Amino acid sequence: MSILGKIFTWWDGATIGTLLWSSRNGEHVGTDAQGNKYYRSKKKTGDGRERRWVIYEGVNDASRVPAEWHGWLHGAFDDVPESHLPPARIWEADYTPNATGTAAAYRPAGALERGGKRAPATGDYEAWSPEA
C-alpha cells in the first residue's frame, strides 16, 4: 500500500496515526493466527481499568477476532489468551471471513439475487386474523 493509502485509509489496516499512537501509548501483548495485533494501554484509566484494542492485519472486520482474543479484549480475563486456551479439537473449523455484502453471501431461495422465485406454501401456515 502506498504512503498516501496508509495516511488516509482506515478500512484496510491501521493508518499511520493509529500505528504511531499505538506504539507510543500501548503495549503489544500478542498476535493471533491471522496476524491481528493486540495492545493494552500503558496507563490505566481513572477507574483503574486498562484500554485494550486490536489492529487488524488487512481488512478491518470484527468477525476476524478469534473467540479467545474477543474475551481478552472485553476484559473477561487479564492474562493473554494463550494461557487460557484448551488444546485444539479435531472438529474445529478454520476461520472463514464474513461474506455479507459480497457475491459469496448466503442467498436463500426466493432472494431477488436468485431470481425471486420461492417454493409455494405447503398449507401448514394459517394466517392470523384480528376477528378470531
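What follows is calculated from the coordinates using simple rules that are stated; it is not laboratory data. This one's a predicted model, so the numbers in the text were calculated from it and none came from an experiment. Here Cβ is always computed from backbone atoms with ideal geometry, including for glycine, and neighbour counts include all displayed protein chains.
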Under unit Cβ charges (Lys, Arg +1; Asp, Glu -1), what dipole magnitude, rounded to 20 debye, does the chain have relative to its Cα centre? 600 debye
Going by the alpha-carbon gyration tensor, a ≥ b ≥ c the square roots of its eigenvalues, is the chain rounded (a/c under 1.5) or, if a/c is not under 1.5, prolate (a/b greater than b/c) versus oblate? prolate
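Using DSSP loop states and a limit of at most 15 other Cβ atoms within 10 Å to flag GluC sites (Glu not before Pro), what is the longest stretch of the chain containing no flagged site?
1-49
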Using amide H atoms built 1.01 Å from N in the peptide plane, name the residues 5+ places from Asn60, or on other chains, whose amide H lies under 5 Å from its own. Asp12, Gly13
In nm, what is the difference between 0.36 nm times the number of residues separating Ser41 and Asn60 and their Cα-Cα distance? 4.8 nm
Between Leu85 and Tyr106, what is the spin-label point distance in nm, taking each point 7 Å from the Cα along the Cα→C-beta axis? 2.7 nm
Measure nothing fancy, just the Cα-based angle from helix 16-25's long axis to the longest principal axis of the chain, in degrees from 0 to 90, nearest 10. 60 degrees
Just for the chain, what percent of DSSP beta bridges are antiparallel, to the closest 5? 100 percent
Amide H contacts of Val29 (H built 1.01 Å from N, under 5 Å, at least 5 apart or other chain): Tyr38, Tyr39, Arg40
Could you pull out the chymotrypsin sites (Phe, Trp or Tyr not before Pro) across the stretch 41-131 that fall in loop regions by DSSP (anything but H, G, I, E, B) with no more than 15 other Cβ atoms inside 10 Å? Phe77, Trp91, Tyr95, Tyr106, Tyr125, Trp128
Report the label-to-label distance for Ala121 and Glu27 in nanometres (one decimal), using points 7 Å from each Cα along the Cα→Cβ vector. 6.3 nm
³J(HN,Hα) computed for each position of the stretch 51-68 - Karplus, 6.51 cos²θ - 1.76 cosθ + 1.60, integer Hz, glycine/proline x: 7, 10, 8, 10, 10, 6, 8, x, 4, 6, 9, 4, 6, 7, 7, x, 4, 5
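Taking R0 as 41 Å, what FRET efficiency do you get between Ala93 and Ser129 from their Cβ-Cβ distance, rounded to the nearest 0.05? Can you show the working numbers first?
Values: r = 45 Å, r/R0 = 1.10.
The calculated FRET efficiency here is 0.35.
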